[in-house]
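None of the figures in this text is laboratory data; all of them are computed from the coordinates on show. Bear in mind that the values here come from a model prediction, so they are computed numbers and not experimental data. Don't worry about glycine lacking a Cβ; one is built from the backbone with ideal geometry, like all the others, and counts go over all protein chains shown.
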Ligand SMILES: Cc1cc2nc3c(=O)[nH]c(=O)nc-3n(C[C@H](O)[C@H](O)[C@H](O)COP(=O)(O)O)c2cc1C
């Protein structure tokens, strides 16, 4: 097993065992309290969770966030995710395509993924920093083509690269490379963090560079300082310890990002999304859809049926939140009154 493959397998194990979430700083989503409506004047079963994302219809505003698997499991996990998302008509993001681009369509990241999920938005994924290393415009095009992606998402993970031994740390000049890529690709470009949040000023710069999709991936869920520390020796653990809760909590990131949307931009709320009430809260704060990684991982490892069951529960919780706020659809949920402080 190569170093990268081993690392990805360890990430899966650490997050599934619950050792990757930090518990010092919350997402802030719990503080978003809807005002209860005792007279919704709605038929629960007629509530419309549907939305359009990248020109495709979603039955619920949900996304399985990017997760790379190790070499043994990646293909299986990606197949489960693709089948479940197709069945429920929700969006999916693949994990980093770096290995697949460099070594051929490995890990279930070939045409079979699109065949398993022909009707849903599929987001491609590469590390933005790789634009300074192994990935140029041709490789990025290949990443899009190999899964017929609807968009390519660049992940920004400076904290993870800084802590991870041997991390790729040259982030200089990236904005220019992102801008070149945004102009060269036939699909929209997005940017996401991996659990430390995108700030308003970063979103402004990325937006000026032509990025259209913004996934805040804020603090309060998976902590990459913690995940990498779990893999490291005592020295690395000591270096990483103060950074376990580093970043912008998801609710704060969404509040700051929402006023910068419009002009065809899309906002994804993610980072510590636990259930459908968190999805409702993220949407109330301005997200178009909400994404979940760690919260869906163990179901995704178990199988398609388990993931469908998990995501159906999330959708049901969202529907309950909409019912009890009198929101017939997502537009109404975005205006739902909050409880006075
Ligand atoms: C096992 C695992 C692997 C991940 N791999 C990637 C990746 O390859 N690319 C990426 O952009 N994000 C990756 N992420 C980050 C997630 O997409 C997400 O932004 C982050 O985990 C925060 O969401 P959460 O709190 O719901 O886990 C990974 C997350 C997990 C748990």
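A compact table of results
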| read-out | value |
| --- | --- |
| Normalised convex hull volume, the stretch 197-341, alpha-carbon set, Å³ per residue | 144 Å³ |
| Between helix 74-88 and the chain: long-axis angle, C-alpha atoms, 0 to 90°, nearest 10 | 20 degrees |
| Protection-proxy order for peptides 212-224, 327-339, each taking the mean of Cβ atoms within 10 Å per residue, highest first | 212-224, 327-339 |
| Acute angle (nearest 10 degrees) that the helix 174-184 long axis makes with the longest principal axis of the chain, alpha-carbon atoms | 70 degrees |
| Likely footprinting exposure, 322, 261, fewest C-beta neighbours within 10 Å first | 261, 322 |
| Alpha carbon centroid spacing (whole Å) that separates the stretch 278-341 from the stretch 117-186 | 28 Å |
| Hull shadow area, averaged, the stretch 1-105 [alpha-carbon convex hull, nm²] | 10.5 nm² |
| Separation between Cα centres of the stretch 203-232 and the stretch 18-84, rounded to whole Å | 17 Å |
| Normalised contact order of the chain, rounded percent, pairs of Cα under 8 Å and 6 or more residues apart | 23 percent |
| DSSP-defined antiparallel bridges as percent of all bridges, the chain, nearest 5 | 15 percent |
| Ranked 177, 141, criterion: other C-beta atoms within 10 Å, fewest first | 141, 177 |
| Fraction of the pair-distance distribution of the chain above 33 Å, Cα-Cα pairs, percent | 21 percent |
| Helix-only [θ]222 nm of the chain, DSSP H runs n ≥ 4, -39500 (n - 2.57) each, per residue, nearest 500 | -12500 deg cm²/dmol |
| Cα-based helix-to-principal-axis angle, 304-323 vs the chain, degrees rounded to 10 | 40 degrees |
